[in-house]
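The values are calculated or read from the model by the stated rules, or taken from the named source; none is laboratory data. Just so you know, these numbers come straight off a predicted model, no measurement behind them. Cβ atoms come from the backbone with ideal geometry, glycine included; neighbour counts cover every protein chain shown. When the accessible area is computed, the model is the full protein with side chains, heavy atoms only, and any ligands, DNA or RNA have been set aside. Shrake-Rupley method; radii C 1.70, N 1.55, O 1.52, S 1.80 Å.
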Amino acid sequence: ILIFCVNAGIPSPALSSSLAYFDSCRRESLPANLTQCHRDYFGGHTYERVDRGGTFHCTWTEAHKDLGHLAERKFGENLA
């Protein structure tokens, strides 16, 4: 049914969301690279890689150098 809606140009957000949810349930692993990248960039979080063990953090700009490691920070700490 969803294919017919897409081919006819009929919006079907509930059906397409349901199909996307079903696709995510049947996959062994999901690509969350972009989400992890955004979290690391904006919040100084770390990310994991599937090709190497451990956690990683990138220094995206000069302003990110002072963030330090996530485990060394306290809740509500002002980094600015």
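Given a 1.4 Å probe and the protein chains all in place, what does the accessible area of His38 round to, in Å² to the nearest 10?
So the heavy atoms of His38 present about 90 Å² to solvent.
Is segment 1-50 best put as rounded, prolate or oblate by its Cα gyration tensor, with a ≥ b ≥ c the root eigenvalues, rounded for a/c under 1.5, and otherwise prolate when a/b is larger than b/c, oblate when not?
Numbers: a/c = 4.25, a/b = 2.31, b/c = 1.85.
Verdict is prolate for segment 1-50.
Using a 1.4 angstrom probe and counting only protein chains, how large is the accessible area of Thr46 in Å², to 10?
40
Using a Förster distance of 25 angstrom, determine the FRET efficiency expected from the C-beta separation of Phe22 and His45, and round it to 0.05.
Details: r = 29 Å, r/R0 = 1.17.
It comes out at approximately 0.30.
Considering only protein heavy atoms, what is the solvent-accessible area of Phe22 at a probe of 1.4 Å, reported in Å² to the nearest 10?
Solvent-accessible area, nearest 10 Å²: 120 Å².
Sort Asp40, Asp51 by heavy-atom solvent-accessible area, probe 1.4 angstrom, most to least. If you can, show how the numbers build up before the last one.
Values: Asp40 0, Asp51 105 Å².
Putting Asp40, Asp51 in descending order of accessible area: Asp51, Asp40.
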